[in-house]
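Have a look at the structure below before the remarks.
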């Protein structure tokens with residue numbers, strides 16, 4: 001069996017004449033049609049699909065509920081819709097059908113809408129608020145399109161089946177489908193915060209109130225203890241800093257003054273070793289120049305550092321004679 005095209009049929013829109021749908025002959029009226037069925041006395045928590053469409057033939061003998069969807073927490077399986085039908089991992093190409101369990105969708109797309117000046121939004125609210133509490137309505141004027149967001153996803157599922165192929169004005173046929181995800185980042189953040197808050201409330205509702213109170217009291221005690229520890233530690237740190245500053249100040253006060261630097265003796269020059277020759281002396285200038293050269297060489301030898309020509313104490317240990325050498 002070929003299942004490649006399963007749940008992938010696209011039904012087109014109002015511009016496709018071959019897919020024009022007829023107006024439904026029946027419609028559900030909650031005020032007059034809701035009543036007691038066998039499901040109220042049993043364990044079935046799902047609504048009747050044919051009751052939502054206004055054509056259930058069983059009446060009070062029906063094994064499904066003939067009323068608006070119950071609370072979200074009362075459904076036994078989140079992978080099923082409010083009518084007990086299995087959801088899919090992805091939406092159909094035309095955004096119709098049961099829907100997907102990958103995300104919570106509370107917004108319906110209403111197409112083929114006939115606008116009536118400025119009363120279109122009021123008209124949409126009048127016809128769709130019968131199926132549950134509405135959070136937001138947005139009408140795209142000039143396009144014949146509106147978006148209705150319910151507070152609960154279960155109410156959106158019920159309204160989708162109840163208003164499909166219905167009319168609000170004259171004989172138009174509404175095309176009700178699931179809306180795609182809102183690309184607005186602010187809307188995504190708001191939806192995420194709502195889901196987190198709803199999950200926290202449901203978890204807290206299932207927990208023991210005494211246990212929750214005990215955990216909150218323990219958190220308060222830990223927070224107070226951490227604050228007291230910081231307050232006690234802060235004066236100790238300040239005292240240690242004051243002690244270090246006083247010690248450094250005392251050390252500076254009692255430290256001895258620095259010793260004055262001694263002048264280094266200047267090296268004697270050649271002029272100091274040999275005075276200049278007198279005029280008209282006994283020695284010629286050549287002899288005096290030779291004496292100067294000799295004095296300079298002697299002075300250079302005296303100023304040279306002593307060479308490390310001293311022998312190490314262990315140098316001569318290898319030169320001693322042995323008894324074997326004497327015997328030979």
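Selection of segment 182-193 for residues being at pLDDT 75 or above and either within 18 Å of residue 148 (Cβ to Cβ) or touching a helix residue (DSSP H, G or I) at 6+ places or on another chain (Cβ under 9 Å) (or both) yields 182, 184, 190, 191. For residue 176, the conditions (1) under 17 Å from residue 144 (Cα atoms); (2) buried (at least 16 other Cβ atoms within 10 Å of the Cβ); (3) out of contact with any strand residue (DSSP E or B) (no Cβ under 8 Å at 6 or more places or on another chain) all hold with the exception of (3). Has segment 139-160 got any residue that is loosely packed, with under 15 Cβ neighbours inside 10 Å and either under 31 Å from the mean Cα position of the chain (by Cα) or assigned to a helix (DSSP H, G or I) (or both)? Yes - at least one qualifying residue is present in segment 139-160. Report whether or not residue 99 is surrounded by fewer than 18 Cβ atoms within 10 Å (Cβ to Cβ), within 37 Å of the chain's Cα centre (by Cα) and either under 22 Å from residue 28 (Cα atoms) or without any contact (Cβ under 8 Å) to a residue 24 or more places away in the chain (or both). Criteria not met by residue 99. Within the span defined as segment 111-130, every residue fails to be over 20 Å from residue 170 (Cβ atoms), touching a strand residue (DSSP E or B) at 6+ places or on another chain (Cβ under 8 Å) and surrounded by 20 or more Cβ atoms within 10 Å (Cβ to Cβ).
Which of the following residues is touching a helix residue (DSSP H, G or I) at 6+ places or on another chain (Cβ under 8 Å), buried (at least 18 other Cβ atoms within 10 Å of the Cβ) and within 28 Å of residue 31 (Cβ to Cβ): 75, 68? Answer to the selection: 68. Any residue at all in segment 52-59 that's surrounded by 15 or more Cβ atoms within 10 Å (Cβ to Cβ), farther than 18 Å from residue 98 by Cα, out of contact with any helix residue (DSSP H, G or I) (no Cβ under 8 Å at 6 or more places or on another chain) and at pLDDT below 95? Checked against the condition, which is being surrounded by 15 or more Cβ atoms within 10 Å (Cβ to Cβ), farther than 18 Å from residue 98 by Cα, out of contact with any helix residue (DSSP H, G or I) (no Cβ under 8 Å at 6 or more places or on another chain) and at pLDDT below 95, segment 52-59 yields no hits at all. For residues in segment 193-214 being surrounded by 10 or more Cβ atoms within 10 Å (Cβ to Cβ) and farther than 19 Å from residue 71 by Cα, which is nearest to the chain's Cα centre (by Cα)? Only one residue fits best here, namely 193. If a residue has to be surrounded by 16 or more Cβ atoms within 10 Å (Cβ to Cβ), in contact with a strand residue (DSSP E or B) (Cβ under 8 Å, 6 or more places away or on another chain) and in contact (Cβ under 8 Å) with a residue 60 or more places away in the chain to count, how many in segment 17-51 make the cut? Count: 1.
The values are calculated or read from the model by the stated rules, or taken from the named source; none is laboratory data. Since the model is a prediction, treat every value here as computed from it, not as a measurement. Positions of Cβ are backbone-derived with ideal geometry, glycine not excepted, and every protein chain shown enters the neighbour counts.
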